[in-house]
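Read the structure below first, then the notes.
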Amino acid sequence: MNILKDISTPILKLALPLILIQLCQASLGLINTLVAGKFNYQDLAGIGLGSSIWTPVFILFTGILYVLVPKVSMLQQQQKSSDIAHLFEQGKKVALILSIFGFVLIHLLAFMSPFLIDDVKVAPITQHYLHFVAFAIPGLVYMTLYRFMSEGSSQLKPIMLSFIVLLISDALLSYCFVNGVGGLPQLGGAGTGLANILSAYIACFTMRYYVQQAIPEIKNKNTDAHFSESIQILKQGLPIGITLVLQILALSTLAFFASELGTRVIAAHQIVINIAMVVIMIPVAISSATTIRIATFSAQNNLKGQYLTSGTVVAMTLIYGALMALLLMIFAQQLTGLFTQDTQVVLIASGLIHYVAIFLIFDALQTVASGILRGLQHFVHPLAVILFCYWIVIIPLSYLIGVKGWLQTTANIDVIWQILAVGMSLAALAMLTQSYRKLQHTAKG
């Protein structure tokens, strides 16, 4: 019992702050969907599709900047303050590149949205929403830069405070702009994009203030970074970003598949996607904590610690996944009813929740297993598994069977989620098998 406590306690200490941060981040999309859904189901569908367009871009940027975390951590342990300041200057140049690229790209995607979305009422909502979001991108990118500098220094309080500010400001502003409260123009779902702009910069300056207090080294003005050094940082972070974005992009693709099945189906699909993204944030945080602990035991050549940590996190994830699946199935109608008053959308979404429950158990397991593999310094295997399961199995079969009705009498959104659940079970099995094999290989080697 003491051994398990010694293993689980450090994981939970690392995971709990990360859970709060991840939940705040995931709740942003949930709040926008909730506010827009209460206004009109077409607005819900519009910003849902808009989120599916711009979220992969931002996830890519987040992955690129994540490379700063281990670098900052190493420099902190070596007490190299000047190098931390220099690394921050490199990160600022990377953030500038990403901000400009993201701003232009999101605007271009906004102009393209009427050609990508068949529904003539939903497409303009998506387009206006994306034009607003493009202006929020620089604020979100620089906020991420400060976040990872702070996370690498094990200073999680500034991040938590800033995300709480972001969450509250986005919720209040979204409600006001969507519904036209206090004499403001009633913008509908697109108003959540304007709320994203203001809340992003409020949170960015909040994060900047708190991180500068926690890490005074980054205020050092006596250092500069060559552009070539920043490009090197960008190149190092790119594989991480690609790995993250493949999974998000696959879910976005499924959202567009759903758009061919009708506006109410889009809305229902977006509701369950948002619920799933919030629920999976806890396994994501546990996965991050697992990577740190496995890497620590690897450095100590502590094979017992690696095995115990792996077994503990898999057990914790199974318990969490089963509990959440049970709660989702029991409260399916109540949960989906929070997003919209349209009875048909609620009926479709509550039916899909049962498939979501199964999907989440396996998705949680593959997420934690990928954390084990990364802790063992194996980065290619998670990428290969996600690439195969999503892009070779789930996406083609979802389109052929779920959208085109191949082997079915009619096209059906339920089939897409059934295939998603089966595909994630394959991913979980592959990840867990690879984790076990790599642990055995480490023990032998």
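Remarks
- The residues packed around C204, meaning those with a beta-carbon under 14 Å from its beta-carbon, carry a net charge of +2 if Lys and Arg are +1 and Asp and Glu are -1.
- Two-site FRET efficiency, S73 against L184, from Cβ-Cβ distance with R₀ of 41 Å, rounded to 0.05: 0.40
- Unit charges on C-beta of K, R, D, E only; dipole of the chain, Debye: 1060
- Helix screen, the chain: DSSP H segments with Cα axial length of 20 Å or more and mean Kyte-Doolittle hydropathy at least -0.5 are 2-39, 41-65, 81-116, 122-152, 157-179, 191-214, 227-259, 263-279, 281-299, 303-330, 343-375, 413-444.
- Label sites at T9 and H107, each approximated as a point 7 angstrom past Cα along Cα to Cβ, lie 5.5 nm apart.
- Summed side-chain charge close to Q90 - residues other than Q90 whose Cβ falls under 11 Å, Lys, Arg +1, Asp, Glu -1: -1
- Among G46, G180, G371, residue whose mean-square fluctuation peaks in a GNM of the chain (springs only between Cα atoms under 10 Å): G180
- Here the label points at F331 and S82, each 7 Å from Cα along the C-beta direction, are separated by 5.6 nm in the simple model.
- Within the chain, longest stretch clear of exposed trypsin sites (Lys or Arg not before Pro) (DSSP loop, no more than 15 other Cβ within 10 Å): 222-403
- D by Stokes-Einstein for the stretch 136-262, Kirkwood Rh over Cα pairs, 4 °C, 1.567 mPa s: 75 µm²/s.
- Extension gain (nm, one decimal) between T343 and L116, 0.36 nm per residue minus Cα-Cα: 79.0 nm
- Legend: translational diffusion of the stretch 242-305 by Stokes-Einstein, Rh = Kirkwood radius over C-alpha pairs, 10 °C, 1.306 mPa s; D = 110 µm²/s.
- Label point distance in nm, I319-A295, each placed 7 Å from Cα along Cα→Cβ: 2.7
Any read-out appearing in this document is the output of simple, stated calculations on the displayed coordinates, not a laboratory observation. This is a predicted model, so every value here is computed, not measured. Positions of Cβ are generated from backbone atoms using ideal geometry, with glycine treated the same way; all protein chains shown enter the neighbour counts.
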